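Colleague: What follows is a single structure, and I will ask about it in a moment.
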Amino acid sequence: MSDSFRQATGRKVVSRTSAQDVGTVSHFLVDVKERRIAAVVVGRGKKARLVDWEHVSGFGLDAVMVSDEGAFRSALDDRERSGVDGSLDLVGKRVLTDRGNEVGTLDDVTFDPETGVVQMLRIGDREIPAGSLLGSGSYAVVLDRREEAAP
């Protein structure tokens, strides 16, 4: 079973220990090298906080469960601050190959809700394996050049 960034955005985040609603998923911070979700960004603007994937105890269709309210943290560096403010959000980004040719716009990302491993990238009607992902930043997502010639 898999989930997607678009489907998960806006989902309630609940503390497992207090059973309190502690916010909603706004987007994800992805570790491109590991091709997995590093953290979930909860809330928006100055109130946005990170929850490292290790503290996500369940990622269901109705709610995302976190271990407790102590699992939330602020951004630790510039990259995480960019992630919290949404400029590193993969969905909606321009997609380029490592040769600099545009492939399209990243429409969605599917992932395993048990492990946080990114599985597929959706660009239009194409599904591209996450293994093609080479980099991401505020300007674009970069894929392996083999995606350039794919139908």
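Derivation of every value follows stated rules applied to the coordinates shown; laboratory data play no part. Please read these numbers as outputs of a predicted model, since none were measured by experiment. Positions of Cβ are generated from backbone atoms using ideal geometry, with glycine treated the same way; all protein chains shown enter the neighbour counts.
Colleague: Express the relative contact order of region 11-64 as a whole percentage, based on alpha carbon pairs under 8 Å and six or more residues apart in sequence.
Modeller: Averaging sequence separation for qualifying contacts and normalising by length gives 30 percent for region 11-64.
Colleague: Further, regarding this structure: Could you work out [θ]222 nm for the chain from helices alone, using -39500 (n - 2.57) per DSSP H run of at least four and dividing by all its residues? Round to the nearest 500 deg cm²/dmol.
Modeller: -2000 deg cm²/dmol, from helical runs alone.
Colleague: Using θ = phi - 60° and the Karplus curve 6.51 cos²θ - 1.76 cosθ + 1.60, what whole-Hz ³J(HN,Hα) does each residue of region 40-51 get, with Gly and Pro shown as x?
Modeller: The phi angles translate into 9, 8, 10, x, 9, x, 5, 8, 5, 9, 9, 10 Hz.
Colleague: For a quick check: with amide H placed at 1.01 Å from N, whose amide H comes under 5 Å from Val22's, ignoring anything fewer than 5 positions away on the same chain?
Modeller: Under 5 Å from the amide H of Val22 lie the amide H atoms of Val13, Val14, Ser15, each far enough along the sequence or on another chain.
Colleague: Let me check I've understood the local charge: for Val141, count other residues with C-beta under 9 angstrom from its C-beta, Lys and Arg +1, Asp and Glu -1. What total comes out?
Modeller: That sum, taken over residues with Cβ under 9 Å, equals +2.
Colleague: Which whole-number percentage describes the relative contact order of region 54-145, with Cα contacts under 8 Å and a sequence gap of 6 or more?
Modeller: Relative contact order comes out at 23 percent.
Colleague: Give me the percent relative contact order of region 1-115, please, defined on Cα pairs under 8 angstrom at least 6 residues apart.
Modeller: Reported as a whole number, the value is 27 percent.
Colleague: Treating only the Cβ of Lys, Arg, Asp and Glu as charged (+1, +1, -1, -1), what charge dipole size does region 16-119 show about its Cα centre? Round to the nearest 20 debye.
Modeller: 320 debye
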